[in-house]
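Comments concern the structure below.
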Amino acid sequence: MGFVFGSRSSKEEKAAATDKVSADLSQPRDPQAPKGRPTPKRAVAQSQRKAVVASTGNRKEDAKRARERRRTEMAKQREALANGDERYLPTRDKGPVRRFVRDYVDSRYSVAEMFLPLAVVILVLSMVRQPAIQSIALMLWLGVIVLILLDSIGLVFRLRKSLVERFPNEPRRGAIAYGLMRTLQMRRLRLPKPQVKRGERP
């Protein structure tokens with residue numbers, strides 16, 4: 001009988017050990033995390049998920065709270081786009097590198113920011129049924145494109161140099177393209193709103 005109970009106990013211990021190993025393999029654990037506990041990042045994610053998913057048990061009330069939360073977040077984001085508050089800016093606009101790029105672009109004049117008004121004028125001229133005026137419109141169009149290209153090339157070199165000097169250890173990926181896209185917007189329509197004056201170097 002003792003042998004029978006001993007065998008049964010041994011089998012149960014082996015099964016329990018197998019289940020534990022399977023559970024451990026199914027959820028990768030950070031080497032620095034204590035055994036039997038989730039990794040720090042996972043623990044934070046779980047706590048945040050619980051906070052967001054917290055339900056009152058009333059579907060209408062939950063939906064109302066979700067709408068209010070989204071409305072509050074959007075209001076904070078609009079305010080941040082107006083005053084440059086880093087805490088509530090969209091991800092693409094956050095960080096010291098992106099802020100420097102915005103200030104660098106906003107502190108200078110660029111040909112590209114006048115692209116839309118000039119394009120409208122050139123389009124109107126090109127619709128006039130007079131060969132001379134249409135030729136002028138074509139020349140203006142080519143001239144604007146050349147000026148924008150030259151100005152943009154100069155901006156790329158100067159901005160890249162400034163970024164390397166100011167932020168040698170910061171990730172700068174996408175910063176140049178971010179600056180070029182901002183030059184295409186008219187100053188008063190840019191978001192986040194410009195925080196420096198013309199000629200005021202960042």
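The values are calculated or read from the model by the stated rules, or taken from the named source; none is laboratory data. Keep in mind that this is a model prediction, so the values were computed, not measured. Positions of Cβ are generated from backbone atoms using ideal geometry, with glycine treated the same way; all protein chains shown enter the neighbour counts. Remember, those area values only see protein heavy atoms, side chains included, never the ligands or the DNA or RNA. Shrake-Rupley method; radii C 1.70, N 1.55, O 1.52, S 1.80 Å.
Structure summary
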{"read-out": "Those helices (runs of 4 or more DSSP H) lying entirely in the stretch 1-115 with at least 3 residues touching an Asp or Glu at 6+ places or on another chain (Cβ under 9 Å) and at pLDDT 85 or above", "value": "96-106"}
{"read-out": "Count of residues meeting criterion [small (Gly, Ala, Ser) and over 18 Å from the mean Cα position of the chain (by Cα)] in the stretch 138-194", "value": "4"}
{"read-out": "Matching residues in the stretch 163-202 - criterion: being more than 16 Å from VAL97 (Cβ to Cβ) and part of a helix (DSSP H, G or I)", "value": "THR183, ARG187, ARG188, LEU189"}
{"read-out": "Residue check for ARG166: touching a residue at least 24 places away in the same chain (Cβ under 8 Å), over 30 Å from MET74 (Cα atoms) and open to solvent by 60 Å² or more (accessible area, probe 1.4 Å)", "value": "yes"}
{"read-out": "Single unsatisfied condition, ALA82 versus (1) of a type outside the set (Val, Ile, Thr); (2) under 26 Å from PRO168 (Cα atoms); (3) in contact (Cβ under 8 Å) with a residue 40 or more places away in the chain", "value": "(2)"}
{"read-out": "Verdict on ARG129 being of a type in the set (D, E, K, R), in a helix (DSSP H, G or I) and at negative phi", "value": "no"}
